[in-house]
Amino acid sequence: MARRRVIKPGEERRADLLDAALAVFAERGVDEATVSDITTRADVAKGTFYLYFPSKDHLVAALWERYVNGFLDLAGKALADPTAAGALTALLERLIDHAVAHADLHRIVYGSADARALALCREIDQRVVEVIAEAIRRGVDAGALRPCDPAAFANVVYHGAHGTLHEALAGGAPYGRDEVVATARRIIVDVLAPRP
């Protein structure tokens, strides 16, 4: 008996492939997983994969992009009033919690993805840095934050938090959420909060 073809909207099919890839990557790692493994798990023909992703590296980047987009949604809420250092500390706290909630994806991407996939992920990370820099820029322009180079500060804060989390999530260092959040808060307040 022939299998009945299920027609789904493109975004739903793409999401199915992403979900299947995440499961396959968790089981086998990115290097060992094949496109066939992913399409079998997603219950689609192998050619369907290439309608959505030029390569497995692009699929890894799409998984990371979905993760970053989730963070950017949180960022919009945290930055409702970007004129205070408190908004930036709330943003960093949400970034940390979001990263920990997606620790498995972090381990998959940074534990087994190749250089091309990691380069694509770094390009996507730049969006987060830009959101943080823009929030800092608005706070400085409003006089609520001390003048600084918003892009440089955003890079230091984001990559500092990211690096700290990377060590913890990869299993190489103990993770104390409250300590990481408190340290990020101190850095932001010490550098950006207006002096009394």
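The values are calculated or read from the model by the stated rules, or taken from the named source; none is laboratory data. From a predicted model like this one, the values you see are computed outputs, not experimental measurements. Ideal geometry is used to build each Cβ from the backbone, glycine not excepted, and the neighbour counts take in all protein chains shown. All accessible areas refer to the heavy atoms of the entire protein, side chains included, with ligands and DNA or RNA removed. Shrake-Rupley method; radii C 1.70, N 1.55, O 1.52, S 1.80 Å.
For T40, work out the one condition from (1) free of Cβ contacts under 8 Å to residues at least 40 places away in the same chain; (2) in a helix (DSSP H, G or I); (3) open to solvent by less than 60 Å² (accessible area, probe 1.4 Å) it doesn't fulfil.
(3)
I'm trying to understand the selection: among the residues of the range 139-196, which are closer than 15 Å to V100 by Cα, out of contact with any Asp or Glu (no Cβ under 8 Å at 6 or more places or on another chain) and β-branched (V, I, T)?
Listed by number, the residues that qualify are T164, V180.
Restricting attention to the range 31-68, which residues are within 18 Å of L118 (Cα to Cα) and among the aromatic types (F, W, Y)?
F53, W64, Y67
Would you mind stating whether A80 is farther than 18 Å from K56 by Cβ, open to solvent by less than 20 Å² (accessible area, probe 1.4 Å) and modelled with pLDDT under 80? Reasoning before the result, please.
Numbers: farther than 18 Å from K56 by Cβ: yes; open to solvent by less than 20 Å² (accessible area, probe 1.4 Å): no; modelled with pLDDT under 80: yes.
Judged against the criteria, A80 is not a match.
Yes/no per residue for (1) touching a residue at least 40 places away in the same chain (Cβ under 8 Å); (2) open to solvent by less than 20 Å² (accessible area, probe 1.4 Å):
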residue: L118; (1), (2): no, no
residue: R137; (1), (2): no, no
residue: R146; (1), (2): yes, no
residue: G163; (1), (2): no, no
residue: A170; (1), (2): yes, no
residue: D178; (1), (2): no, no
residue: V181; (1), (2): yes, yes
residue: I188; (1), (2): yes, yes
